[in-house]
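Worksheet for the structure shown next.
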Ligand SMILES: *Cc1c(COP(=O)(O)O)cnc(C)c1O
């Protein structure tokens, strides 16, 4: 029997090792892994450079308190700032912590300029920003919040794609709008660039901060370092996590100078956040995935994968409704519930994961090989033919 709490619906497989795009089960079977810890292992399993950097760091220093200077963190923050819109970075350990910290920064900013009542955060109804108390009430999803009352106030929601509802929900006390440029758990829904640009304008007009949750779509997953870059806008606050650690838990909030000024000593902290071990790994992931060459390769692989998935859709229009996504954040929306489809893929040694709206998520490592994409396409084709 298992002594683990039953808060997950676990598939009946376990693994003993991984290598690149593959996982090896305890029973000795080899699986093509397009889950990668849900877009976490940006460089696949057991990447030699990550193994080296973590081994080297374990011999030097694992953890010191944030009451001291941590050079590895200083370095990663500098790289993130040089590469992006951000002026300052605050390290955390997970996505939910990063989105929570983003909310804190937004509120603290308005507090610091003498507008403490401007503290409401506006989100997409049924979006996903993590599982902490604040994050579940931010999304306003009945499924996630049920039984976890009292309801946390200070959050409003608008309907995805409904611009009228968005404008209606903006009030004088709206401090920030928080959205994912590409909704991951929500079913790989890409917010169009023009929409992001309009959102930026709307925020400027109403003196509202723009928080873009790039926990899933960020760190080169979309083919750009950040998914919002394509829209040529600058957000104020960006929480990140998943891909930046390549499998080691790291989260962070990136912010501009304007809002960062309010985060004075004592306003936020994290015991583990930004420790030397995590930062050593983060630096290496960052160096690899942020290079132009690496990003161009993600774009190339994405184009190949997406065009072949669209051909698959055209072959099986009664099974696949839509191919969605950007970069290597891809979803196959099926006409029917995706559980059987995912089960059949698993039987064929191909691991994928669900998202909302009958979507099967395909999340290969960002350094996936073309022949591994071909293998995925072959299995997808086989399963479609058999359904
Ligand atoms: C996964 C995710 C989170 C939460 O991250 P955790 O590390 O599970 O807390 C937040 N926002 C988005 C967009 C995510 O995909």
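None of the figures in this text is laboratory data; all of them are computed from the coordinates on show. Just so it is clear, the structure is predicted and the values come from calculations on it, not from any experiment. Cβ sites come from the backbone with ideal geometry, for glycine too, and all protein chains shown count toward neighbours.
Quick one: Cα centre-to-centre distance for the stretch 43-69 and the stretch 141-195, in angstrom? Cα centroid to Cα centroid, the span is 36 Å. Once the Cα-Cα distance is subtracted from the 0.36 nm per residue extended length, the residue 377 to residue 146 segment shows a gain of 79.3 nm.
Starting from the Kirkwood Rh over alpha-carbon pairs, what translational D in µm² s⁻¹ does the chain have by Stokes-Einstein at 20 °C and 1.002 mPa s? Diffusion coefficient, whole number: 99 µm²/s. Per-residue ellipticity at 222 nm from helix content only, as computed over the chain with -39500 (n - 2.57) for each DSSP H run of at least four residues, stands at -11500 deg cm²/dmol. Projected label points at residue 292 and residue 234, each 7 Å from Cα along the beta carbon direction, are separated by 2.2 nanometres. Note on residue 115 and residue 369: with the Förster distance fixed at 45 Å, the Cβ-Cβ geometry gives a FRET efficiency of about 0.30. Rounded to the nearest 0.05, the FRET efficiency derived from the C-beta distance between residue 14 and residue 165 at R0 = 35 Å is 0.20.
The stretch between residue 264 and residue 311 holds 11.6 nm of extra length on full extension. This uses 0.36 nm per residue minus the Cα-Cα distance. Peptide packing: for 238-248, 135-145, 98-108, 201-211, the average count of neighbouring Cβ atoms within 10 Å per residue gives the ranking 238-248, 98-108, 135-145, 201-211, highest mean first. Is the shape of the stretch 20-142 best called rounded, prolate or oblate, per the rule: a/c under 1.5 gives rounded, else a/b larger than b/c gives prolate, else oblate, with a ≥ b ≥ c the square roots of the Cα gyration tensor eigenvalues? Oblate shape, in that a/c is at least 1.5 and b/c is the bigger or equal ratio. Potential lengthening of the chain between residue 87 and residue 61 amounts to 6.6 nm, from the contour at 0.36 nm per residue minus the alpha-carbon distance. Packing, taken as the mean count of other beta carbons within 10 Å per residue, orders the peptides 53-59, 83-89, 342-348 from highest to lowest as 83-89, 342-348, 53-59.
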